[in-house]
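The values are calculated or read from the model by the stated rules, or taken from the named source; none is laboratory data. In this text, all values refer to a predicted model and were calculated from it rather than measured experimentally. We place every Cβ from the backbone using ideal geometry, glycine too, and count neighbours over all the protein chains shown.
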Amino acid sequence: MDLTGADFRKSSFSGADEGECIEVAMNLPGLVAVRDSKDPSGPALTFGPDAWSAFVGDIKRGSFEI
């Protein structure tokens with residue numbers, strides 16, 4: 001999958017120490033890409049927009065134990 005035009009952004013909730021963070025690119029048509037901020041040239045996971053929205057919604061509702 002070509003992610004050349006992906007505009008990855010890190011959450012404003014991420015700490016300043018550049019620790020355990022992910023970056024998300026939502027500017028690609030029909031695709032959301034997620035990568036590790038510590039390894040920007042490494043692999044990325046990709047999701048459809050509906051799947052990503054459902055995942056984020058579940059996080060906001062507290063559906064996952066952390």
Does at least one position in region 7-25 carry a residue that is of a type in the set (A, V, I, L, M) and without any contact (Cβ under 8 Å) to a residue 12 or more places away in the chain? yes
Picked from region 10-27 (must be out of contact with any strand residue (DSSP E or B) (no Cβ under 6 Å at 6 or more places or on another chain) and under 21 Å from Lys60 (Cα atoms)), the residue modelled with the highest pLDDT is Ser11
So the check is Cβ under 9 Å with 6+ separation or different chains; which pairs have a first residue in region 43-63 that's closer than 23 Å to Gly5 by Cα and a second one that's of a type in the set (Gly, Ala, Ser) and loosely packed, with under 12 Cβ neighbours inside 10 Å? Gly48/Gly30; Pro49/Gly30
Candidates Gly62, Gly30, Gly48 - the one that is modelled with pLDDT of 90 or more, among the small types (Gly, Ala, Ser), exposed (fewer than 13 other Cβ atoms within 10 Å of the Cβ) and touching a helix residue (DSSP H, G or I) at 6+ places or on another chain (Cβ under 8 Å): Gly30
Can you give me the ranges of the strands (runs of 3 or more DSSP E) entirely in region 1-55 with at least 1 residues that are among the acidic types (Asp, Glu)? 22-28, 31-36
